[in-house]
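The values are calculated or read from the model by the stated rules, or taken from the named source; none is laboratory data. Bear in mind the structure is a predicted one, so any value in this text is a computation, not a measurement. As a convention, Cβ positions derive from the backbone with ideal geometry for all residues, glycine included, and neighbour counts pool all protein chains shown.
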Amino acid sequence: MKWVRSRRHFCITVGAAALVGGTHAAAQQKPVPYTVHPAPRALPDIEFKDREGKEVRLSNFKGKVVLLNVWATWCPPCRREMPTLDKLQGMLGGKDFEVIALSIDRAGVHAVEAFFMEIGVKHLRLYIDQSMAAMRKLAVVGLPTTLLIDREGREVWRYAGAAEWDSDEWMGEIRKAIEAKGQ
């Protein structure tokens, strides 16, 4: 496994041979963006701020399934996937599910507000962590990174990189997590 830096984001790669048990040159490396945990993992109770500057904690969402997306306005893949996160929140968001799009922009709330206005965000709430402390506590090493969090506040899986979150495939995965009430 090795880290590859490309402009402003990082990607984890594993040699293709490692996936099949052999050894090949680094030229055959492929990204490994999706990690499903055998059992849900405990998460730190991270803190961040809402649009008004009020402190919010991850534990405030206990009882809901959460898709936590760590992103920044200066990250091109983050910018591309944000409309799909907004659509996902519009379609599934409510008492059982919420998308938390957590910006780590040091430029602050105004940078995120301007971007949300530019792309026409209608459903996502604005959350920000200018200190990037949440990113460190969650061991996020590249942007965007998305975690599915169960109703107990535990990480079920993690996806590194951009995705089409409103696709049938991802919606199906998230619906399964929402339907798994009390498990």
*Regarding residue 101, is this residue in contact with a Lys or Arg (Cβ under 9 Å, 6 or more places away or on another chain) and surrounded by 17 or more Cβ atoms within 10 Å (Cβ to Cβ)?*
yes
*Quick check, is residue 143 touching a strand residue (DSSP E or B) at 6+ places or on another chain (Cβ under 9 Å), farther than 17 Å from residue 51 by Cα, crowded, with 19+ Cβ neighbours inside 10 Å and at pLDDT 95 or above?*
yes
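Which residue is surrounded by the most Cβ atoms within 10 Å (Cβ to Cβ), if the candidates are limited to the stretch 37-65 and must be of a type in the set (A, V, I, L, M, F, W, C) and under 19 Å from residue 137 (Cα atoms)?
58
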_Sole exception among (1) modelled with pLDDT of 95 or more; (2) not in a helix (DSSP H, G or I) for residue 60, by number_ = (2)
*Please enumerate the residues belonging to the stretch 130-159 that are part of a loop (DSSP other than H, G, I, E, B), of a type outside the set (A, V, I, L, M) and out of contact with any Cys (no Cβ under 7 Å at 6 or more places or on another chain).*
130, 131, 150, 151, 152, 153, 154
*Name the residues in the stretch 105-163 that are without any contact (Cβ under 8 Å) to a residue 40 or more places away in the chain and at positive phi, would you?*
108, 120, 132, 139
